[in-house]
Amino acid sequence: MNAIEIQNLTKVYESGTKALKGVDLTIKKGDFFALLGANGAGKTTIIGITTGLVNKTSGSVKVFGIDIDKDHNAAKRKIGVVPQEFNFNIFEKVIDIVVQQAGYFGVPRKVALKRAEPILKSLELWEKRDQASRTLSGGMKRRLMIARALINDPEFLILDEPTAGVDVELRHGMWQYLQQKNKEGTTILLTTHYLEEAEQLCRDVAIIKEGAIVKTGSVKKLIGSLDKQTYVLSVNNFTDKKVNGYDVKQIDENTIEIDLGMHQTVNDLVNVLNDHGIIVNDLRPKGNRLEQLFLNILNGKS
Ligand SMILES: Nc1ncnc2c1ncn2[C@@H]1O[C@H](COP(=O)(O)OP(=O)(O)OP(=O)(O)O)[C@@H](O)[C@H]1O
Ligand SMILES: [Mg+2]
């Protein structure tokens, strides 16, 4: 059983923008899936169509086997969504926003209040429950959106940039929380521009470019397909731009970047540089591996 099956999905907005040009996407039940793409690639449009906020132009979408054209409400009940834009009433209290959402799904207020407590506690919002949501900070608002999406205990959680604007510590807390949810069986689809987040959390990934999926597969396999990794080195005495067997790019007086092929080792590189009289003070991979792959794909190199 798949959590979502999208076939040949297209969307042309009234403005004439062709946002989706025949998207095929399958997400397995229980998966933790990342949908990655540049600004304007079509991620939010896919989510909007799946959750019923945007009308598709053509194609089909099934959520746990339910066609959204046939039984839209049944499909919707399976999903908890955290939209990219804040869309709650800013004058309402935190607790009311969460509990009312449960009401839309027919959960009695008493039950919803009970459910809300552990959710708000784990997202560190319990102390703020009686405050109007407009008094929350940006990161807290983002967490409120997550709490609201979880109150209905959805089988499928869709998060559109859930950690944008959330500080590092809380982001790590949210990762743990989402990982726990996924372990308990919740299928998760997330979009993010933090590729280390996708690499840490997600099993499978799809990369969308200008309204079409250009790559999909397991994060591990895709990263394994990388044929090189760029390293940033802090060096002394760099004068010689020709280092045998390596592609060297000078960034400034003391900084160079070198691509290492999968068969080349960091050890060999340092030895060769030393042979050239270049002293390596520090060395680190440039960006994370998924980021490298992502950039290669967007630039047509992979
Ligand atoms: N309501 C709308 N009316 C007209 N065009 C729209 C609308 N919403 C999105 N678009 C256009 O559709 C394309 C895809 O937008 P979408 O929001 O799906 O991208 P995205 O991948 O979510 O980008 P981001 O990473 O910036 O959130 C863009 O060209 C965008 O301008
Ligand atoms: Mg978006």
Q: State the dimensionless ratio Rg/Rh of the range 61-198 (Rg: radius of gyration of Cα atoms; Rh: Kirkwood radius).
A: 0.95
Q) Which ³J(HN,Hα) values in Hz, rounded to whole numbers, follow from the phi angles of the range 141-149 under the Karplus curve 6.51 cos²θ - 1.76 cosθ + 1.60, where θ = phi - 60° and Gly and Pro get x? A) 4, 4, 5, 5, 4, 5, 4, 5, 5
Q) Along the principal axes of its C-alpha atoms, what lengths does the chain span, in descending order and rounded to whole Å? A) 74, 45, 37
**Q.** Helix-only mean residue ellipticity at 222 nm for the chain, each DSSP H run of n ≥ 4 adding -39500 (n - 2.57), per residue, nearest 500
**A.** -10000 deg cm²/dmol
Q. Put a dot 7 Å past each Cα toward the Cβ at Asn244 and Ser15; how far apart are the dots in nm?
A. 5.7 nm
Q. Using a Gaussian network for the chain with springs between C-alpha atoms less than 10 Å apart, which of these wobbles most: Leu123, Leu25, Leu269?
A. Leu269
Q: Using only the Cα atoms, work out Rg/Rh for the range 1-138, with Rh taken as the Kirkwood radius, to two decimals.
A: 1.02
Q | Nearby aspartates and glutamates by direct alpha-carbon distance to Lys56 (threshold 12 angstrom, same-chain neighbours under 8 apart not counted) | A | Glu14, Asp69
Q.
What is the sum of charges, Lys and Arg at +1 and Asp and Glu at -1, for the other residues whose Cβ falls under 10 Å from the Cβ of Ile4?
A. +2
Q) So what is the relative contact order of the chain, in percent, for Cα pairs below 8 Å that sit 6 or more residues apart? A) 19 percent
Q.
For Cα pairs less than 8 Å apart in space and 6+ apart in sequence, what is the mean separation divided by the residue count of the range 228-298, i.e. the relative contact order in percent?
A. 43 percent
Q | Set of lysines with alpha-carbon distance to Lys121 below 18 Å, sequence-local pairs under 8 removed | A | Lys93, Lys110, Lys141, Lys181
(Q) Can you tell me the orientation of helix 289-298 relative to the chain, as the angle in degrees between its alpha-carbon axis and the longest Cα principal axis, to the nearest 10? (A) 90 degrees
Q | Orientation-averaged projected area, Cα convex hull of the range 182-253 (nm²) | A | 8.0 nm²
Q) Given that compact globular proteins tend to follow 2.2 N^0.38 Å, what is the ratio of the alpha-carbon Rg of the range 228-298 to that value? A) 1.09
Q) Taking every eigenvalue of the Cα gyration tensor of the range 5-74, multiplying by 5 and rooting it, what semi-axes result, largest first, whole Å? A) 19, 16, 10
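None of the figures in this text is laboratory data; all of them are computed from the coordinates on show. Nothing here was measured: the structure is a model prediction, and the numbers come from that model. Every residue, glycine as well, gets a Cβ built from its backbone with ideal geometry; the counts of neighbours run over all protein chains shown.
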